[in-house]
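Encoded as structure tokens, the structure appears first; notes follow it.
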Amino acid sequence: MSDFGSQKVVQRVRDWAHSNYGVPENGVNIYYLKRLGNGTWRARCSFIYNNEEKKFTLTIGSDGEITSYSDLSRSGPSEMGAAPTMVLIAEVFAILALIGFTLGAIVLLVSYATSVSVAGAGLSFISPAIFIFPGLLIILAVISGYIVSRTLKIRSYIEQGDAVAALQIDSVGLGVLALLFSGVISGILLLLAREDLRRASQ
């Protein structure tokens, strides 16, 4: 299907709950629905099964097939092995890198402003490096901020017990980016956490 809209996604989730758990369509509560990239959807649903509330997060492909799902009532942080701890430590190192780049940029900018006020008309004696380094540190700080934001999302999904969503955000690309811009430890931990998240999402 080239266009698998929200109504079809809702129906697909209800059909899945009915075929796997025998839940009637009106017994399925879909409380979260979001379209991701490439026509993929994520849905969260809840229903009563054997007098117990079940909660699932499902990923639905653009063709309407359910590509993955996770039992939120079962896959809490304790079911994810060392992933919660590794992501937390990675987050700390990513924040430290962000602070370091930001403070470095501020120090250089203040140094530049001081040099200008002292040099006055003799601006030609100011090193060109003063212009380059603050800009470079600002770019690094922006990249580190992005890594921190993504890591915070991963930890948020882990706390919700959503291993599937956490794994999707904790991509290999993010791990490599963290290796380059947030310190080796942060990147390695994010990459290692993927294995525990993958096991919890199956």
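The values are calculated or read from the model by the stated rules, or taken from the named source; none is laboratory data. The structure displayed is predicted, hence computed values, not measured ones. Cβ atoms come from the backbone with ideal geometry, glycine included; neighbour counts cover every protein chain shown. The area values use the complete protein model at the heavy-atom level, side chains included, leaving out ligands, DNA and RNA. Shrake-Rupley method; radii C 1.70, N 1.55, O 1.52, S 1.80 Å.
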message: For the stretch 142-199: of the residues being among the polar types (S, T, N, Q) and out of contact with any strand residue (DSSP E or B) (no Cβ under 9 Å at 6 or more places or on another chain), which is nearest to residue 98 (Cα to Cα)?
response: 144
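Every residue, every condition in (1) in contact (Cβ under 8 Å) with a residue 40 or more places away in the chain; (2) surrounded by fewer than 18 Cβ atoms within 10 Å (Cβ to Cβ); (3) among the basic types (Lys, Arg), yes or no:
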{"residue": "18", "(1), (2), (3)": "no, yes, no"}
{"residue": "22", "(1), (2), (3)": "no, yes, no"}
{"residue": "35", "(1), (2), (3)": "no, yes, yes"}
{"residue": "52", "(1), (2), (3)": "no, yes, no"}
{"residue": "58", "(1), (2), (3)": "yes, no, no"}
{"residue": "62", "(1), (2), (3)": "yes, yes, no"}
{"residue": "69", "(1), (2), (3)": "yes, no, no"}
Within the stretch 86-114, tally of residues that are of a type in the set (Ser, Thr, Tyr) and in contact with a Leu (Cβ under 9 Å, 6 or more places away or on another chain): 1
message: With the requirement that a residue be part of a helix (DSSP H, G or I) and open to solvent by less than 10 Å² (accessible area, probe 1.4 Å), what does the stretch 172-192 give you?
response: 174, 175, 178, 186, 187, 190
- line: Counted residues in the stretch 52-86 being of a type outside the set (Gly, Ala, Ser), modelled with pLDDT under 85 and either out of contact with any strand residue (DSSP E or B) (no Cβ under 8 Å at 6 or more places or on another chain) or not in a strand (DSSP E or B) (or both) come to 6
- line: In the set 173, 187, 183, the lone residue that is within 13 Å of the chain's Cα centre (by Cα) and of a type outside the set (Asp, Glu) is 173
message: Filter the stretch 108-129 down to the residues that are surrounded by 13 or more Cβ atoms within 10 Å (Cβ to Cβ) and either of a type in the set (Ser, Thr, Tyr) or modelled with pLDDT of 85 or more (or both) and list them by number.
response: 111, 112, 115
task: Filter the stretch 144-171 down to the residues that are in contact with a Leu (Cβ under 7 Å, 6 or more places away or on another chain) and without any contact (Cβ under 8 Å) to a residue 40 or more places away in the chain, then identify the one that is surrounded by the most Cβ atoms within 10 Å (Cβ to Cβ).
output: 167
query: Do any residues in the stretch 188-201 that are within 17 Å of residue 153 (Cβ to Cβ) have Cβ atoms under 7 Å from those of residues that are among the charged types (D, E, K, R) and open to solvent by 10 Å² or more (accessible area, probe 1.4 Å), where the two are at least six apart or on different chains, and which pairs are they?
result: 200/79
